[in-house]
Amino acid sequence: MTASAAMFDLTGKVAIVTGGNGGIGLGLARGLAGAGARVIVAARNARKSATAVAELQALGGGGALAIEANVTDEMSVVALFEAVAERCGRLDILVNNAGTNIRKPPPELSLAEWREVLDTNLTSAFLCSHAAYPLLKKSGGGKLINIGSMLSIFGAGFAPAYAASKGGIVQFTKACASAWAADNIQVNAILPGWIDTELTVKARAQIPGLHDSVLKRTPARRWGAIDDFGGIAVFLAAPASDFVTGAAIPVDGGYSVQA
Ligand code: NDP
């Protein structure tokens, strides 16, 4: 293997991708499996996870597997990491990707809805990172990748809880990067632009004109696809990014730099 190929090689690495059974999570998981990682798909829908795992196994990467988990539930998260430690013997990479949205302006959003979004998008990242830390330390270091959003940067009147959760993800990323650099754990965030997934199918149904306004605002003149996330996943999970930590990297076709 050449030195530059080794920089992006994940052979022998074990990676958990929360929400890895579809959408952006599956795009991230495909990248990691293609680079040789053993990918653990952690999500609630067992049928969707089984389909994703079959696909990931075909990409290589030493035996992808699915473990059912609800990332809003502390006991379920603890059980997930115990199962990974027992079945895989190590952990090297955690991708906090599971997410949801409830689109309502602030006065219409209930406390229960606020909590559902914050628990799924932000508290889950805390719970999983907390559970991952001792395993990553035992592996001699590792990589944590958190999924933010354009709403980590911008506001949107229809998404107060989502924007709060995704702003929080970036600050949580910086805090963990700073805390764990000495343990050789790099922590970074990816900020997707508008990507064609189940989440945004709902958004397009709920927000009139969204499809065209995204095309107009995005310099690349297209919606993102889930496979736009394979490359950044590999970079942030591999030795190539060993001196990159605390960053929040847009993958957005230029959306965030367009005036
Ligand atoms: P999808 O709705 O397609 O996928 C969401 C994933 O999260 C599913 O795999 C789902 O699996 C999982 N999930 C949701 N809740 C839980 C839970 N409680 N426990 C475990 N898994 C859960 O969404 P996207 O792929 O679009 O979104 C993925 C991430 O990217 C999210 O964090 C989202 O906020 C972010 N993002 C998306 C953008 C887009 O344009 N699509 C833009 C910016 C950010 P299951 O239902 O089986 O549990």
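How much FRET efficiency would the formula 1/(1 + (r/R0)^6) give for Ala85 and Thr2, where r is the Cβ-Cβ distance and R0 is 30 Å, rounded to 0.05?
On the way: r = 33 Å, r/R0 = 1.10.
Between Ala85 and Thr2 the formula returns 0.35.
Quantify, in whole percent, the carbon and sulfur part of the accessible surface of the chain (1.4 Å probe; protein heavy atoms only).
Numbers: 6510 of 11410 Å².
It is 57 percent, rounded to a whole number.
Counting heavy atoms of the protein chains only and a 1.4 Å probe, report the per residue accessible area for the chain as a whole number of Å².
On the way: 11410 Å² over 259 residues.
With the other protein chains kept in place, the chain gives 44 Å² per residue.
Answer rounded, prolate or oblate for the stretch 126-252, using the Cα gyration tensor with square roots of eigenvalues a ≥ b ≥ c: rounded when a/c is under 1.5, else prolate when a/b is larger than b/c, else oblate. Don't skip to the answer; put the middle values down first.
Working: a/c = 2.59, a/b = 1.90, b/c = 1.36.
Prolate.
Along its three principal axes, how long is the chain when you only count alpha carbons? Whole Å, largest extent first please.
Computed over the Cα atoms, the extents are 48, 41, 37 Å.
Report the full-extension gain for the segment Thr11 to Ala54: residue separation times 0.36 nm, less the Cα-Cα distance, to one decimal in nm. If you can, show how the numbers build up before the last one.
On the way: separation 43, 0.36 × 43 = 15.48 nm, distance 1.86 nm.
Fully extending the segment from Thr11 to Ala54 adds 13.6 nm.
Within the stretch 101-259, how many Lys pairs sit with Cα atoms under 18 Å apart, leaving out pairs fewer than 8 places apart on the same chain? The partial results should precede the final answer.
Numbers: Lys104/Lys166; Lys104/Lys202; Lys143/Lys174; Lys166/Lys174.
Close lysine pairs under the 18 Å cut-off: 4.
Got the relative contact order for the chain handy, in percent, Cα pairs under 8 Å and 6 or more residues apart?
Values: 537 pairs, mean separation 54.2, N = 259.
Dividing the mean separation by the residue count of the chain yields 21 percent.
5 Å is the cut-off here: which amide hydrogens, built 1.01 Å from N in the peptide plane, fall below it relative to Gly224, excluding neighbours closer than 5 in sequence?
Trp194, Ile195, Asp196
Per residue of the stretch 221-234, what does 6.51 cos²θ - 1.76 cosθ + 1.60 with θ = phi - 60° give for ³J(HN,Hα)? Whole Hz please, x for Gly and Pro, Karplus curve as stated.
For the stretch 221-234, the Karplus-derived couplings read 6, 7, 6, x, 10, 4, 6, 6, 9, x, x, 5, 4, 5 Hz, x marking Gly and Pro.
Once label points are set 7 Å from the Cα along Cα→Cβ at both Ser110 and Ala205, what is their separation, rounded to one decimal in nm?
Each label point lies 7 Å from its Cα, and together they span 2.0 nm.
Gain in length, Ser256 to Asp73, computed as 0.36 nm per residue apart minus the alpha-carbon separation, to one decimal in nm?
Details: separation 183, 0.36 × 183 = 65.88 nm, distance 3.31 nm.
Length difference between fully extended and current span is 62.6 nm.
The values are calculated or read from the model by the stated rules, or taken from the named source; none is laboratory data. All values derive from a computational prediction rather than experimental measurement. Neighbour counts are summed over all protein chains in view; Cβ atoms, including those assigned to glycine, are modelled from backbone coordinates with ideal geometry. The accessibility values were calculated without ligands, DNA or RNA, using every heavy atom of the protein model including side chains. Shrake-Rupley method; radii C 1.70, N 1.55, O 1.52, S 1.80 Å.
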